[in-house]
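Reviewing the structure listed below.
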Amino acid sequence: MNKKLIISDLSLDFGKDKNNRKILSNINFDLEESEIGCILGPSGCGKTSLLRAIAGFENIISGTILKDGVCISNSLENISVQNRKMGMVFQDYALFPNMDIKSNIAFGLKGMTKADKEARVNYLLKLVNLDKHKDKYPHELSGGEQQRVALIRALAPSPEIILLDEPFSNIDADIKEDLVTDVRVLLKELSITSIIVTHDQYEAFNIADKVAIMNNGKIEQIGNAYDIYHKPVNKFVADFIGLGVFVPIVKNENGIFETPLGLLDKNKFHKDEMKYKNLEMLLRPDDIIHNDESSTKAIVIEKQFRGAEFLYKLLYNDKYPLLCYAPSHHDHRIGESIGIELEIEHYVIFEK
Amino acid sequence: MVPFIFLASSIFIPFNDNWHHIVENVLLDYFVNSLSLAIGVGFCTFIIGTTTAWLTSVYDFPFRKIISWLLLMPLAMPAYIIAITYVGIIDSTSFLPDIRNLFGAIIMISLVLYPYVYILARGAFLEQSKELHENSQILGASQFQIFLKVSIPMARPAIILGVTLAAMEALADFGTVEFLGVPTFTTGIFRTWFGMNDTVTATQMATLLLSIVFIFVFIEQQSRKKVRYSENIKTQSKLNYRITSKKNNFFIAVICIFPIAFGFIIPFLQLIYWSIFISNESWDSDFFSIVNDTLLLAFLASIIITIISLLITYIKRFSPKSITNKFMQIITLGYAIPGPVVAIAVLIPFAALDNYINQILVVKFNFSLGLIFSGTFFILIFAYCIRFLTVSSRTISSGLESISLATDDAAKSLGASTKNILIKIHFPMLKTSLLTSFLIVFIDVMKELPLTSILRPFNFNTLSVKAFELASDEKIADASNAAIMIVLAGIIPVILITKNILGKRNKV
C-alpha cells in the first residue's frame with residue numbers, strides 16, 4: 001500500500017454534547033503521496049475538527065489514522081503534535097506577533113546551522129515573492145502576505161503533510177482566485193501531500209485533486225470536482241454543490257417516466273432507480289436551454305446579469321421553479337414568457 | 001481563603017455588650033455613611049468621568065491631547081493625601097467651607113477616583129463605530145442626543161464597571177474618612193478593635209461590611225462580562241471624528257481642566273509649597289531610611305505577587321475547568337475587601353497559629369520563638385497578596401489572553417515543546433504585562449495605608465503611614481515631603497496606563 005495518509009472509521013467527540021452527538025463519526029478518507037485533498041462542507045460540519053485530529057490536537061475516540069502505513073492516532077495512543085511531521089496553516093495565520101517574518105519562518109527549523117537556516121528562509125521567501133519583507137513584523141503585512149508567510153512557515157521544516165484550515169477565508173475576493181492557483185502550483189511543485197479545509201466550493205474545485213463533502217460530522221461523498229458536480233450521490237451534495245432545482249418524476253400509464261417538462265429516456269436511468277415509486281430529478285441551470293422556438297414556455301420571475309450570460313429564475317406551469325443560463329443578448333423582461341427545452345447529459349435522480 | 005472562614009465564623013460567636021452598644025448607637029451611622037459615601041462617589045465619578053470622556057473623544061479643542069492625558073493625573077493622588085491637603089488649605093483661609101464631613105469626603109474621593117470612569121468610558125466611546133454616529137446624525141440627532149441616547153447606553157457596561165470600581169474603593173477607604181472624621185464601617189472596625197480592644201465585635205462588623213461589599217462585587221463582575229460581550233462586536237471603523245466649534249472651544253477646555261486642577265494641580269502645588277517653605281521635617285537620613293524601607297517592602301511584595309499571579313494565570317489557561325481555578329477566582333476577589341477587614345482576617349488566624357506553635361515549643365523544648373507570622377513582614381506581604389493579587393493577575397491574564405490559543409497550536413505544529421513556547425513566545429509577549437503588574441502593585445503598596453499601619457512590624461514605617469501620622473497630629477505641612485514622594489511614585493503607573501491606551505490606539 002503506498003497511500004500517504006489513511007483515515008479509517010474515525011470518530012471524535014468533545015465529551016458531553018447536548019444531544020450526545022459525535023463531532024465526527026465514521027470518517028474514511030485517504031490520500032496518495034503528493035495529492036491535494038480538500039474537505040468541503042458548511043460551517044459547523046466538523047471539518048476543522050477533522051483537520052485538528054489529523055494534526056494531533058484532538059484525541060480521537062475510535063478509528064485509526066495511518067501515515068505511511070504507521071499508526072499515528074487511534075483510541076489508545078496519539079503521537080504528539082510535535083512528532084507527526086505535519087505542517088499546519090491556521091485560519092487566522094497565528095503568526096507570532098513578537099517575531100519578524102524571518103524569525104517566524106525559522107521558528108520550526110531544528111538541527112541546522114545558522115547559515116543553513118538563513119538559506120532555507122531566503123529560499124522560501126523567494127518562492128512566494130516576499131524576500132523584501134523579511135525584516136518586517138506580521139502586523140506590517142497585508143492579509144495576503146501574512147497568509148503566504150503562514151504557508152511557508154508551515155512548509156519550512158519540510159513536513160510530510162501540510163494541513164490548511166480555511167487558508168483563503170480572510171483574503172479579498174479579487175486576489176483570491178490568483179492566490180488559490182498560486183498555492184496549488186506551489187504545493188504541486190514541492191509535491192507535498194496536502195489537506196485543505198474550506199466552505200467555498202470554487203476554492204475546493206480549483207485547488208484539490210480530490211474533494212470530500214462533509215455534513216454533520218460525516219463524509220457524504222468523495223470524488224473529483226466533476227463527479228461531485230455532475231454525479232452527486234445524495235440530495236445534500238446535490239443541493240450544496242452548485243445551483244439547481246428538483247422536479248418530480250412520475251411514471252405514466254405506459255410505464256414511461258416523465259417530468260412536468262417532458263418525457264425521459266429510460267436508457268439514461270440506472271436500473272435500481274426505476275424500482276422506486278416517488279422520484280425526483282436534479283436540474284442544473286445548464287440542463288435547461290433557452291430556445292425562443294420552443295413550445296414549452298416559462299415565466300421569468302428573477303434574473304441576474306452575469307456578463308456573458310443571464311441566470312434566469314423561471315416559473316413553469318405556475319408551480320415549478322427552474323434555473324436557466326442564457327447568453328446575455330437574450331435579454332428578457334421579468335414577467336415575460338420564454339421558450340425552454342430540456343437537454344440533460346446525465347440524469348441525477350433521487351428517491352423523494 | 002482561610003482568613004475569611006475565620007471572619008465568617010465570627011458570626012457564631014455570641015454578640016457581646018459592645019456589639020449591642022454599637023448596634024444601638026453607631027451602626028446605623030456607619031451603615032448610612034458608608035453607603036452614602038459609596039453612592040455619592042459613584043454618582044460624582046459618573047458625572048465627571050463620562051462628561052470629560054465624551055468631550056475629549058468627540059470634540060476638538062486646544063491642548064486636547066495633553067488635557068486628555070492630564071485627566072488621568074489625579075489617579076496618582078491617594079484620597080487621604082488630597083484630603084489632608086485641602087484641609088490644610090481650608091484651615092489657612094477663612095472663607096472656604098469646611099470639608100470635614102461626609103460631603104467633603106465624597107468630593108475628595110471623587111476628585112481622585114473619577115479617572116476610573118473616565119478611562120473606561122473613553123475607551124468605550126472610542127470603540128464605538130463611526131458609522132453609528134454618522135447614522136445618528138443623518139437621522140437628525142444632535143450631538144447631545146447622540147451622547148445621551150447612543151453613546152452612553154452603548155458604553156453602559158464600561159461606565160457601570162468604572163462607577164462600581166470607584167464606589168467599592170470608596171467603601172474600602174480608610175484614610176480619608178478617618179482624617180475627615182466621618183464615622184464609617186472601616187473606621188468603626190478600626191476603633192472597635194484598637195480603641196475598645198474588642199476583636200470579636202470588630203470581626204463581626206468586618207463580616208457585615210464584607211457582605212455589603214460582595215453586592216458591589218456582584219454588580220462589578222456582571223458588568224465586566226457585558227463589557228466583554230460588547231467588545232466582541234467588531235466595528236468597521238473606529239470613532240475618530242472630531243467636532244470643532246470655535247464658539248465652545250474655550251468653554252470645553254475649561255470644563256476638562258477643572259477636575260485636573262482640583263484633583264491634581266492645586267493640591268500638588270500646595271504640597272510643594274509646604275515642603276519648601278513651611279515643613280519642619282527635613283530631608284534627612286531618618287526620612288531616607290523610611291523611603292528605603294518603603295521601596296524595599298514594595299519591591300518584595302510586588303515581585304512575590306507578580307509571580308503568584310503568573311502561576312494563577314497559567315493554571316487558568318491550561319486547565320480552565322480545574323478546581324484550583326475556581327478556588328483562584330475566589331482568592332482574587334481581594335481587591336474589593338477593605339484594608340482593615342483584610343488586616344483582621346489575617347491577623348486572627350496567624351496570631352492563633354503563633355500562640356499555638358509557641359505553646360508547643362514551650363511545653364516540649366522549653367523555648368519560645370516569639371512571633372513568627374504576626375508582626376513580621378510575612379503577614380504584611382500575605383495581606384498585600386490578598387489585597388492586590390486581583391489587580392496583578394488581571395493585568396497578566398489580559399496579556400496572556402491576547403496570545404491566541406492558535407499561536408500555541410502553531411508553535412506545537414512547528415515542533416516546539418511547551419518549554420520552548422513559554423520561553424520563545426509567551427515570555428517576550430508577556431514582558432510588558434509582567435512589568436505593568438509589578439509597577440502597579442509596587443505603587444499600590446507604597447500608597448497603602450490601613451493594612452500597613454495595622455500589620456507592620458514594630459519600628460517599621462512607610463511613607464504613607466508617616467504622612468498620615470504627621471497629618472493626624474495636626475502637622476499637615478510636615479507630611480508634605482512623604483506625600484510628594486508618594487504622588488511622584490504614583491505618576492509612574494499613570495504614564496504606563498496612558499502609554500498602554502495610546503499603544504493600543506496606534507495598532508488600530
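The values are calculated or read from the model by the stated rules, or taken from the named source; none is laboratory data. Bear in mind the structure is a predicted one, so any value in this text is a computation, not a measurement. Ideal geometry is used to build each Cβ from the backbone, glycine not excepted, and the neighbour counts take in all protein chains shown.
Could you grab the pairs with beta carbons closer than 6 Å, sequence gap of 6+ or different chains, first residue in region A:120-146 and within 24 Å of residue A:169 (Cα to Cα), second one hydroxyl-bearing (Ser, Thr, Tyr)?
These pairs meet every condition: A:146/A:93.
Does any residue of region B:256-273 turn out to be at pLDDT below 80 and of a type in the set (A, V, I, L, M, F, W, C)? Don't jump to the end; show me each part of the working.
First pass over region B:256-273, keeping only residues at pLDDT below 80: none.
No.
Would region B:379-397 turn up any residue that is within 14 Å of chain A (Cβ to nearest Cβ) and more than 30 Å from residue B:199 (Cβ to Cβ)? It would help to see each step written out before you state the result.
First, the residues of region B:379-397 that are within 14 Å of chain A (Cβ to nearest Cβ): none.
No, that holds for no residue.
Just give me the residues in region A:141-190 being among the basic types (Lys, Arg) and within 14 Å of chain B (Cβ to nearest Cβ), in sequence order.
Taking region A:141-190 and keeping what is among the basic types (Lys, Arg), we get A:148, A:153, A:176, A:184, A:188.
A:153 - this is the single residue of region A:141-190 that is among the basic types (Lys, Arg) and within 14 Å of chain B (Cβ to nearest Cβ).
Scanning region A:131-140 for residues that are at pLDDT below 90 and farther than 19 Å from residue B:406 by Cα, which turns out nearest to the other protein chains (Cβ to nearest Cβ)?
A:140
Which of the residues belonging to region B:58-87 are in contact with a Lys or Arg (Cβ under 6 Å, 6 or more places away or on another chain) and crowded, with 19+ Cβ neighbours inside 10 Å? Even if it seems obvious, please write down each step before you answer.
Of region B:58-87, the ones in contact with a Lys or Arg (Cβ under 6 Å, 6 or more places away or on another chain) are B:60, B:78.
Hit for region B:58-87 is B:78, nothing else.
How many of the residues making up region A:77-121 are surrounded by 20 or more Cβ atoms within 10 Å (Cβ to Cβ), facing chain B (nearest Cβ under 7 Å) and not aromatic (Phe, Trp, Tyr)?
5
Go through region B:283-295 and give me each residue that's of a type in the set (Phe, Trp, Tyr) and touching a residue at least 12 places away in the same chain (Cβ under 8 Å).
Here is the first cut: in region B:283-295, the residues of a type in the set (Phe, Trp, Tyr) are B:283, B:287-288.
Within region B:283-295, B:283, B:287 meet the criteria.
Between residues in region B:296-313 that are more than 19 Å from residue B:448 (Cβ to Cβ) and residues that are modelled with pLDDT under 90 and not in a helix (DSSP H, G or I), which pairs lie under 9 Å by C-beta distance while being six or more apart or on different chains?
Short answer, once both residue conditions are applied: B:312/B:332.
Does residue A:74 satisfy the criteria of being within 14 Å of chain B (Cβ to nearest Cβ), out of contact with any helix residue (DSSP H, G or I) (no Cβ under 7 Å at 6 or more places or on another chain), modelled with pLDDT under 90 and surrounded by fewer than 24 Cβ atoms within 10 Å (Cβ to Cβ)?
no
Looking only at region B:75-103, count how many residues are outside any loop (DSSP other than H, G, I, E, B) and closer than 23 Å to residue B:466 by Cα.
Going residue by residue through region B:75-103, those that are outside any loop (DSSP other than H, G, I, E, B) are B:75-76, B:79-92, B:102-103.
Checking which are closer than 23 Å to residue B:466 by Cα leaves us with B:75-76, B:79-92.
Number of matching residues: 16.
Could you tell me whether region B:412-419 includes any residue that is within 14 Å of another protein chain (Cβ to nearest Cβ), part of a helix (DSSP H, G or I) and surrounded by fewer than 20 Cβ atoms within 10 Å (Cβ to Cβ)? Quick ask: steps written out before the conclusion?
Start the filter on region B:412-419 by keeping residues that are within 14 Å of another protein chain (Cβ to nearest Cβ), which leaves B:412-419.
From what's left, part of a helix (DSSP H, G or I): B:412-413, B:418-419.
If we keep only those that are surrounded by fewer than 20 Cβ atoms within 10 Å (Cβ to Cβ) too, we end up with B:418-419.
Among the residues of region B:412-419, at least one is within 14 Å of another protein chain (Cβ to nearest Cβ), part of a helix (DSSP H, G or I) and surrounded by fewer than 20 Cβ atoms within 10 Å (Cβ to Cβ), which makes the answer yes.
Wholly within region B:107-207, which helices (runs of 4 or more DSSP H) include no fewer than the required count, namely at least 3 residues that are within 27 Å of the chain's Cα centre (by Cα)?
Details: elements: B:130-138, B:152-172, B:175-180, B:185-190.
Qualifying helices (runs of 4 or more DSSP H): B:152-172, B:175-180, B:185-190.
Check B:436, B:407, B:432 and return the single one that is under 20 Å from residue B:491 (Cα atoms), within 14 Å of chain A (Cβ to nearest Cβ) and either part of a helix (DSSP H, G or I) or in contact (Cβ under 8 Å) with a residue 12 or more places away in the chain (or both).
B:432
Among A:288, A:299, which is the only one that is within 28 Å of the chain's Cα centre (by Cα) and among the β-branched types (Val, Ile, Thr)? Explain how you work it out, then say what you get.
Working: A:299 fails: within 28 Å of the chain's Cα centre (by Cα).
That would be A:288, the only listed residue that is within 28 Å of the chain's Cα centre (by Cα) and among the β-branched types (Val, Ile, Thr).
Kindly establish whether residue A:25 is of a type in the set (S, T, N, Q), buried (at least 18 other Cβ atoms within 10 Å of the Cβ), touching a residue at least 40 places away in the same chain (Cβ under 8 Å) and closer than 21 Å to residue A:220 by Cβ.
Numbers: of a type in the set (S, T, N, Q): yes; buried (at least 18 other Cβ atoms within 10 Å of the Cβ): yes; touching a residue at least 40 places away in the same chain (Cβ under 8 Å): yes; closer than 21 Å to residue A:220 by Cβ: yes.
Yes, satisfied.
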